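Structure first, then comments.
The values are calculated or read from the model by the stated rules, or taken from the named source; none is laboratory data. Everything numeric here is computed off the predicted structure, so don't read it as measured data. For neighbour counting, all protein chains shown are included, and Cβ atoms are generated from backbone atoms with ideal geometry for every residue, glycine included. Accessible surface areas use protein heavy atoms only, side chains included; no ligands, DNA or RNA. Shrake-Rupley method; radii C 1.70, N 1.55, O 1.52, S 1.80 Å.
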Amino acid sequence: MYYTLIYLIFSAIAIFTSFPIAAANGIAYLDILTDYLAFTTFCGCLCGLIMLLARPFTKIKFNPNSKFFRVPEYEQKFYEKIKLDKWKKIVPDFGKMVGFKKKIDPKECKNSKFYERFLYENINASILHFADILLSPFFFFFLHKEFYITIGLCGMLVIFILNIIPVMLQRFLRPRLLKIYNKLKQKEEKSEA
């Protein structure tokens, strides 16, 4: 709900502040809408492309304990200080899109395979959202230069806000998931020996 509200507010600001610019520059009002829709379509397609590329790449020799995926201690303290765990409710869960449900039978949560998959999805979600933020300036190619400030700035803010919170949440959860995963993995290895 919050995400939809953020999107609608920034969309309205982007579109309505573009009307005077369009009138002053002789640009058709329809171009405001097409520019904005081109931006949102580009961002959506970009997310899909990143997801398709990142998932197989991260699956190759996936190691949840890799130093590359670690979250530094100072970053974890920052998340605790801003009480990020309370923000979870505002971020929608799209795990269903990749066939991963986090709310399952408690018996399934008692093996390391579940947490390995959880960490895999966590890392992929971080990559997806962070890459969307980094690549978002490319959408300026779809805009009339007169709309760089109105549609461009609002679009960048929408992308940043709607992606940075999930990135932070993924990184906040990762050390906890990793700890549980390692404990269960160790326990399973002992019982197999």
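I need every pair where a residue in region 140-162 that is touching a residue at least 60 places away in the same chain (Cβ under 8 Å) and on the phi > 0 side of the Ramachandran plot has its Cβ under 6 Å from the Cβ of a residue that is among the polar types (S, T, N, Q) and open to solvent by 50 Å² or more (accessible area, probe 1.4 Å), sequence separation at least 6 or different chains.
none
Pick out the one residue from Leu33, Leu37, Leu49 that is open to solvent by 40 Å² or more (accessible area, probe 1.4 Å) and in contact (Cβ under 8 Å) with a residue 12 or more places away in the chain.
Leu33
Looking at (1) outside any helix (DSSP H, G or I); (2) open to solvent by 70 Å² or more (accessible area, probe 1.4 Å); (3) of a type in the set (Phe, Trp, Tyr), find the lone condition where Phe57 falls short.
(1)
Consider region 140-165. How many of its residues are closer than 25 Å to Phe57 by Cα and buried (at least 16 other Cβ atoms within 10 Å of the Cβ)?
Total satisfying the criteria: 4.
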